[in-house]
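What follows is calculated from the coordinates using simple rules that are stated; it is not laboratory data. If you're wondering where the values come from, they're calculated on a predicted model, not measured in any experiment. So basically every Cβ, Gly included, is an ideal-geometry build from the backbone, and we count neighbours across all protein chains shown.
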Amino acid sequence: MAALSITPLRKVDPQIPAADPNDQSPAAKRARKRLKEKLTAQFAESAESLSQKAAKAYAETDSVDKAMDDFNYEDDMDRLAGVVVEDLNDAYLAAGKRALDSLKVTDDKLFDLFNKDAHAWAESRGAELVGKKLVGGRLVDNSDARWAITDTTRDGLRSMIAKGYEEGWTPVDLASQIHDSYLFSEQRASMIARTETAKASVSGTVGAWERSGVVERKEWQMSNLHEDQGCDCEDNDGEVVDLDDDFPSGDDAPPSHPNCCCVLVAHLVEAEKLLKFDESEARNAHGEWTVEGEVSPEFEAKVSERVQRAIDSQIRTGTREQQIADYSEAVLSKALGIPGTADNSAFDLRDDDRAIEVKTLLTQKNDKVTMKKDALARKLAEQRADELKGWTVVADRRSPSGYADKIPPATYYVREGFGSFHLGTMQKVTLAQLKEIVRL
């Protein structure tokens, strides 16, 4: 049996943006700025509180361990978990939505799920940042927390208290040293804001890739800014792993350290894994997409929401224009549940109650679909005689220069009735929305 031949997707599609920690989008810049301001304010408050607590413990004890045990610095740190959530959520969400747009995802339900993903990730990262995790809405200790700023804060406080005992500082001296230290500085707030929004941007992009269902693997590309730095990124450079796997360094994505500028690129699922059907059962002896005027029940195009996203995002080897138009009709027929028609029929898709005229745009320079007067008259006559509801559907497959030999993604437009229309007068829809529109 002959099967529809679909060329695998390119390993790395330049149309799909990389997961980039150096995200310079307006949304990322706003998130960094707001987060820096919030952290700076929280650090100033913590510097005031902790310097006094540490000085008191220092004065009343004679060892570092006792002093560290005698004052509570965790409450001040725990407050940071709530400070960062909103801005990390925004950075994650903005990067992810750009990724979904690049993959031609328009499914509202998927976007709703992704919104929930963003908030859950931001809350989880906020907890991890202070060495905790969320369990039942409460912060509990997390021994596996990565890049917890509480570790640096605790070690810094311990070091200053130890130095105070060694050099004979007064409690006032210690308080002054803690208050003015890097631990609570604007510079540290800025570094954390950059690092955390970088993680959010990359995580949001990868999260979107996972939700899309059409990205299978990820590749680490090392930044040239890492030259001679001797970091673990060298072990990851050029490595390609499954989307949910870690790289050799143990990191699942950049940044692997503060100020890391490495990026991830997406490797798409091969088309054969997403869309397979037996063409011989879908075409008749004349090569039409119909069997005795109806789409064969054996025609398994599998046009699920996930597959449609793959169809819209992939770049496949093209054939003749007519074959592309036939393919568009076949996809619409399966998605809408309306059989294709034989050659010389008035409509492309039709059942007892509905008629669809399908127009595929491939090379037109203007945004208009045209219909000849005699063809229009024939359609209107059949519509009136059989009391049909009718729509014109456009599959816009025009592509940028350089993709003329490949089937570009489809953008769908619909308008009730038949005639010559500008796309601006038609409604842009997904296949799921189109199905609702033509449902009687």
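Using 0.36 nm per residue and subtracting the Cα-Cα separation, the extra length available between Leu243 and Glu382 on full extension is 44.8 nm. Between amide H atoms placed 1.01 Å from N, distances below 5 Å from Lys359 occur with Val393, Val394, Ala395, all of them 5 or more places distant or on a separate chain.
If R0 equals 45 Å, the separation of the Cβ atoms of Glu48 and Leu225 corresponds to a calculated FRET efficiency of about 0.75.
The phi torsions of segment 121-128, fed into the Karplus equation with coefficients 6.51, -1.76 and 1.60 and a -60° offset, translate into couplings of 5, 5, 5, 5, 5, x, 5, 5 Hz, rounded to whole numbers, with Gly and Pro shown as x. Using the Cβ-Cβ distance between Arg398 and Arg34 with R0 set to 45 Å, the FRET efficiency works out to roughly 0.70. Between Asp232 and Arg146, the contour length at 0.36 nm per residue exceeds the Cα-Cα span by 29.4 nm. Extending 7 Å from Cα along the Cβ direction at Glu74 and again at His422 yields two label points whose distance is 6.6 nm. Computed from backbone phi with θ = phi - 60° and the Karplus coefficients 6.51, -1.76 and 1.60, the 3J(HN,Hα) list for segment 173-186 is 4, 5, 4, 5, 4, 5, 4, 9, 6, 4, 3, 10, 8, 5 Hz; x is used for glycine and proline.
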